[in-house]
Amino acid sequence: MDKKIEAILKKVSKPGRYIGGEYGEILKNKDEINCRWAFCFPDTYEIGMSNLGMRILYGALNERPDVWCERCYAPWPDMAEQMKKNDLPLWALESGDPVKDFDFFAITLQYEQCFTNVLYVLDLAGIPQRSKERGEEWPILIAGGPATYNPEPVAAFFDLFSIGEGEEALPELSDLYIRMKKEGRYTKESFLREAAKLGGFYVPSLYDVSYNEDGTIAAITPKYDDVPKKVLKRIIKDLDKVYFPEKPVMPYIETVHDRIMLETFRGCIRGCRFCQACMIYRPVREKTPETLNAQAQCLYKHTGYDEISLTSLSISDYTGLRDLTEKLLDWTEKEKVSLSLPSQRVDAFTKELMERVSSVRQSGLTFAPEAGTQRLRDVINKCVDEDDLINACNVAFDYGKNTVKLYFMSGLPTETLEDIEGIAALAEKVVEAYYKNPNRPKKPPQVTISVSCFIPKPFTPFQWEAQDDMELLMKKQQHLKDSLKSRHVRYTWHDAKVSFVEAVLAKGNRKMSRALEEAFKLGAKFDAWDEFFSYDIWMQAFEKAGIDPHFYANRRMGEDEILPWDVIDCGVDKRFFLSERHKAYEARTTGNCKDGCAGCGAWKMGGNCTWCPERSE
Amino acid sequence: MVSGKIRIKFHKIGKLKFISHLDLCRTLKGAFGRAGVPIKYSQGFNPHPKMVFSMPLPVGAESVCEYLDITLTEPREEKELIDAINAQLTPELKMLEIYEGGKDFMDIALAEYEFFFDDLSEKELESRLSAALPIVKKSKKGMIEVDLRPKIVRYEITEREKTTRFHAFLSADSNDFVNPELLVRALERAGDKPIELYSIMRLNLYTADVSVFR
Ligand code: B12
Ligand code: SF4
Ligand code: SF4
């Protein structure tokens, strides 16, 4: 190990983040490699190592003998300071080589608050931030992940974006790169042009964006005829057959999800109208219990973890859930491995789950009714009612629980103060139910309500909506406080300022890149961390960049307006979003895919979909 | 064949010196699990494999003489056991020997270290060792000052190509253990320049009669 690096590792917190060398890490001989990837999760090692997507893509790229993919994460500011002081540019963990010398530098974007960390890691890597400033000598900068469905705010920084699932796209891109280099016809420009034709790749430099006088978009125009007008996301057609990492890298230091993550399916059948994840991961594709059980056994053998977490957006909708838990419990009980289900929907919370799944037994219960009144729950298409919630709570009380945590959102479209009062009323009904339950434990109940602010997100029926302005959000916050009477109800509220900035970034267009640069220059980084987020920095940055943040967050967009993200096609039709929006205003719900296809359009992506109708023309 | 309570000698070198004790425990637990070591678990609400270590090793220091006691629930062949565990680890954390009936950890009295300094010359080091080396330590009575100099039982200094080798035997009594990292900090305070480029390697442990501990 380099002596300078050793010396600084002795000075920083958690040096184990920066050493690599873990069991399961993939090392290769550089001489046999034609294409080198540095894959970065722009947050700490502990968070990044918990991301399944990066784990999958790391393995998928390394399947090829002539490609080597390495990892890197965002160094904590104390480390960043030392790296700068000692002239050590960001390196990849496996080889220790600076990432600026790689062929590709890939960054996964999971949510908007990590946008400034893109600039932060580029700065530490010594790579010019704007793609225009990078010539042939620099790595090709590519991003993917859920927050790239609206790539425009960070379009100035990346050479290209991979929209949708990357398991097949990234190896294809490597192929193209290696082929063009071999044939001697590689230039960055020609490569990007070819990549745009592979499907699922958005190359921002190949599009012109023009604006109307009012700041809305006039047109998004491809510069050449062979560049697709819209970039359709990629999906994996059959999740049973796609590459899956069975020998993950085993971190030495403790990470957020230090356990086996068994991804049961992608997409969600529910269609809550505020939910972006539901839409962008559609259509729903399940893995079979057989595949999952085999993968779990293999993972157990290779990791020795004593916990398996079944993941997906809404685990209780997995059709094979009973079959799978049975198969798993067959051997996990013997091996002292526990099962956990991360998120629960109230209508699916049963006695059986309570008994069989240890995580449910051990931890407190969390439910997400999201809105306080049935009317508003209908508006957002959260199809649970009060009885579902009370029933679920009673199951928990029967088993000796006295704490329940309820998640809500404030600022939802059509919300009134009555809906806010409904949140308080619902919490108090839970308290009431507790005292009515003869089996309750001999402790006072504690109901926590956690209220976040609604953020309109691209590719949802609410993408056109305006966020409530801060004054109104605060007023609602106070109103809820005043409405709460029971001393058994605790109340926490998310910072409206954070949500405001998130909304601006989520709905931003290309002009936002300047604001990001200004924010970074003013010191913004790790914006998802309370200790770093600074509202003042953001307001200054917007001003310096000549951006009115309210134009993005608090303005209702026109239905015929060209949206910044219209250049991306997430598979679900814009028409469907529109009709869902209109139904929302009439408080009419839409059934889930299980009850019958709602016609979202995702079926045309093809693949082994669990609920979509057969393609019939 | 070994069975019952066994001792494992291992090394923790290279990058692995930056892994804390807690993370080392987790790593070993995982490796033992994957290797199918029939290790005895503690009783109680949250059972975990019982592991007892010889002596703390500060983060940043390497060692080729770490010891760990575990209890097997079934007998195992030594070499097979070592190979099985090492197959689940990287070379910088490696099991070296497995045997029954080691000496009591309480008998450890002395530890042998090799320090390399890049920013401290032979002469400079000698002169710093000629005076007291006070450090402030937490004790039951609050913060107290301790002189580390008398706890350096024997040493030898050589210099080669601008690197100073400091070969030292430090007190390692269970209630008078010298933390080698703190010794470097004390040496640093004895001068006016920071000591940044250095390494620490623990080579061997000894009992009070200066026979090698194992
Ligand atoms: C595990 C998890 C975590 C873990 C680990 C971090 C992480 N992001 O993975 C922890 C607990 C730390 C976490 C924290 C948070 N999370 Co989280 N998390 C998840 C979860 C459950 C699974 C992620 C995952 O592994 N998905 C499976 C993999 C296979 O999908 P993927 O990551 O999208 O990767 C695929 C593609 O996107 C693509 N791809 C991804 N990256 C790249 C990069 C390149 C270059 C390319 C080409 C392709 C590509 O290829 C991959 C394979 O197909 C998702 C929900 C879900 N089920 O998806 C939420 C989710 C990602 N989290 C979310 C949120 C909001 C957060 C938090 C902000 C919550 C909070 N308020 O604190 C924090 C932020 C911390 C952080 N830095 O991410 C949201 C993001 C929504 C959004 N985009 O706005 C999600 C979608 C949940 C939701 N329903 O809202 N999270
Ligand atoms: S249940 Fe609703 S909120 Fe949860 S993932 Fe599905 S659509 Fe989104
Ligand atoms: S096409 Fe129909 S079944 Fe398929 S995801 Fe959309 S609504 Fe559900």
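Bear in mind that the values in this text are calculations on the coordinates, not laboratory data. In this text, all values refer to a predicted model and were calculated from it rather than measured experimentally. Heads up, the Cβs are rebuilt from the backbone with ideal geometry, glycines too, and the neighbour counts pull from every protein chain shown.
If I build a Gaussian network model for chain B, linking alpha-carbon pairs within less than 10 angstrom, which residue out of B:SER139, B:SER42, B:SER127 has the largest mean-square fluctuation?
Looking only at B:SER139, B:SER42, B:SER127, the biggest GNM fluctuation is shown by B:SER139.
Just need the relative contact order of region A:52-100 here, percent rounded to a whole number, with Cα pairs under 8 Å and 6+ apart.
Values: 30 pairs, mean separation 12.8, N = 49.
Value for region A:52-100: 26 percent.
Using the Karplus equation 6.51 cos²θ - 1.76 cosθ + 1.60 (θ = phi - 60°), what ³J(HN,Hα) coupling, rounded to whole Hz, does each residue of region A:284-292 give in order, writing x for Gly and Pro?
Ordered by residue, 3J(HN,Hα) equals 5, 10, 9, 9, 7, x, 5, 4, 5 Hz.
Once you have the alpha carbon radius of gyration of region B:5-102, what is it after dividing by 2.2 N^0.38 Å, with N set to its residue count? It would help to have the intermediate numbers written out before the result.
Values: Rg = 12.8 Å, N = 98, 2.2 N^0.38 = 12.6 Å.
Taking N as the residue count of region B:5-102, the ratio is 1.02.
Quick one: which residues, 5+ away or cross-chain, put their amide H under 5 Å from the amide H of A:GLU263? H built at 1.01 Å from N.
When sequence neighbours closer than 5 places are left aside, the close amide H contacts are A:THR311.
So for chain A, averaging the separation of alpha carbon pairs under 8 Å that are six or more residues apart and normalising by length, what relative contact order in percent results? Don't skip to the answer; put the middle values down first.
Values: 1142 pairs, mean separation 87.4, N = 617.
Relative contact order for chain A comes out at 14 percent.
For A:PRO564, what charge total do you get from the other residues with a beta carbon under 11 Å from its beta carbon, if Lys and Arg give +1 and Asp and Glu give -1? Show your work: numbers first, answer last.
Working: positive: A:LYS507, A:ARG510, A:LYS511; negative: A:GLU152, A:GLU561, A:ASP566.
Combined, the nearby Lys, Arg, Asp and Glu give 0.
Can you list the residues, at least 5 places off or on another chain, whose amide H is less than 5 Å from the amide H of A:TRP91, using H built in the peptide plane?
Excluding prolines and chain starts, which carry no amide H, the hits are A:VAL99.
Report the residue, chosen from B:GLU97, B:GLU124, B:GLU66, that carries the largest GNM mean-square fluctuation when chain B is represented by alpha-carbon nodes joined by springs under 10 Å.
Answer for the Gaussian network model of chain B: B:GLU124.
Would you mind ranking A:TYR58, A:TYR120 so that the residue whose beta carbon has the fewest other beta carbons within 10 Å leads the list? Before the final figure, lay out the partial values.
Working: A:TYR58 21, A:TYR120 24.
Ranked by crowding around the Cβ, least crowded first: A:TYR58, A:TYR120.
Based on alpha-carbon atoms only, what is the radius of gyration of region A:3-232 relative to the globular estimate 2.2 N^0.38 Å?
Values: Rg = 17.8 Å, N = 230, 2.2 N^0.38 = 17.4 Å.
That works out to 1.03 for region A:3-232.
Which ³J(HN,Hα) values in Hz, rounded to whole numbers, follow from the phi angles of region B:9-25 under the Karplus curve 6.51 cos²θ - 1.76 cosθ + 1.60, where θ = phi - 60° and Gly and Pro get x?
Computed from phi, the couplings for region B:9-25 are 9, 9, 10, 9, 10, x, 4, 5, 5, 8, 8, 6, 4, 4, 6, 4, 4 Hz.
Which translational diffusion coefficient, to the nearest whole µm²/s, is obtained for chain A from the Stokes-Einstein equation, given a Kirkwood hydrodynamic radius over C-alpha pairs, 37 °C and 0.692 mPa s? Intermediate results must be reported in sequence, preceding the final value.
Working: Rh = 25.7 Å.
My calculation gives 128 µm²/s for D.
What list of ³J(HN,Hα) values in whole Hz, one per residue of region A:366-381 in order, does the Karplus curve 6.51 cos²θ - 1.76 cosθ + 1.60 (θ = phi - 60°) give from phi, with Gly and Pro shown as x?
Those phi angles translate into 10, 10, 10, x, 6, 9, x, 10, 4, 4, 5, 5, 5, 4, 8, 6 Hz.
Place +1 on the Cβ of every Lys and Arg and -1 on the Cβ of every Asp and Glu in region B:5-102, take the dipole about the Cα centre, and give the residue among B:LEU93, B:PRO56, B:PHE45 whose Cα lies farthest towards its positive end.
Of B:LEU93, B:PRO56, B:PHE45, it is B:PHE45.
Assign unit charges at the C-beta atoms only (+1 for Lys and Arg, -1 for Asp and Glu), then state the dipole size of region B:5-102 relative to its Cα centre in Debye, rounded to the nearest 20. Can you show the working numbers first?
Values: 14 positive and 12 negative charges, 59 e Å.
Result for region B:5-102 is approximately 280 debye, rounded to the nearest 20.
With both bridge residues required to lie in chain A, what share of the DSSP beta bridges run antiparallel, to the nearest 5%?
Values: 12 of 58 bridges.
Percent antiparallel among DSSP bridges in chain A is about 20.
Rounded to the nearest 0.05, what FRET efficiency is calculated for A:LYS521 and A:ASP573 with R0 set to 35 Å and r the Cβ-Cβ distance?
On the way: r = 40 Å, r/R0 = 1.15.
Plugging the Cβ-Cβ distance into 1/(1 + (r/R0)^6) gives 0.30.
Sort A:PHE577, B:PHE45 so the one with the fewest other Cβ atoms within 10 Å of its own Cβ comes first. Kindly include the intermediate steps, with their values, before the conclusion.
Working: A:PHE577 23, B:PHE45 5.
Exposure proxy ranking, most exposed first: B:PHE45, A:PHE577.
For the pair A:GLU561/A:ASP330, report the inter-label distance in nm, with labels modelled 7 Å from Cα in the Cβ direction.
5.5 nm
For A:ASP103, enumerate residues with amide H under 5 Å from its amide H, sequence gap 5+ or separate chain, H modeled in the peptide plane.
A:ARG36
Taking the Cα centre as origin and putting +1 on Lys and Arg beta-carbons and -1 on Asp and Glu beta-carbons, what dipole magnitude results for the protein assembly as shown, to the nearest 20 debye? Spell out each step's value before the answer.
Working: 116 positive and 129 negative charges, 255 e Å.
Taking the Cα centre of the protein assembly as shown as origin, the dipole is about 1220 debye.
As a test of the formula, what do you get for the protein assembly as shown when each DSSP H run with n ≥ 4 contributes -39,500 (n - 2.57) and the sum is divided by the residue count, at 222 nm and rounded to the nearest 500 deg cm²/dmol?
Values: 25 runs with 253 residues, N = 831.
Taking each H run of at least 4 residues, the total per residue is -9000 deg cm²/dmol.
When DSSP assigns beta bridges and you keep just the ones with both residues in region A:1-120, what percent turn out antiparallel, to the nearest 5? Don't skip to the answer; put the middle values down first.
On the way: 1 of 12 bridges.
So the antiparallel bridges amount to about 10 percent of the total.
Let me check against my output: what whole-number percent is the relative contact order of chain B, with C-alpha pairs under 8 Å and at least 6 apart?
Numbers: 408 pairs, mean separation 55.9, N = 214.
Rounded, it is 26 percent for chain B.
Taking the Cα centre of region B:107-207 as the origin and placing charges on Cβ (Lys, Arg +1; Asp, Glu -1), which of B:PHE177, B:VAL153, B:PRO194 is farthest toward the positive end of the dipole?
B:PHE177
Mean-square fluctuation check for chain B, GNM, Cα pairs under 10 Å: which of B:LEU57, B:LEU182, B:LEU93 is largest?
Result: B:LEU182 has the largest fluctuation of those listed.
Give the order of A:CYS114, A:CYS298 when sorted by the count of other beta carbons within 10 angstrom, beginning with the fewest. Please list the in-between numbers first.
Values: A:CYS114 25, A:CYS298 15.
Going from sparsest to densest Cβ surroundings: A:CYS298, A:CYS114.
Taking the Cα centre of region A:3-232 as origin, work out the dipole magnitude from +1 charges on Lys and Arg Cβ and -1 charges on Asp and Glu Cβ, in debye rounded to 20. Write down the numbers at each step before the final one.
Values: 28 positive and 37 negative charges, 107 e Å.
In total the dipole reaches around 520 debye.
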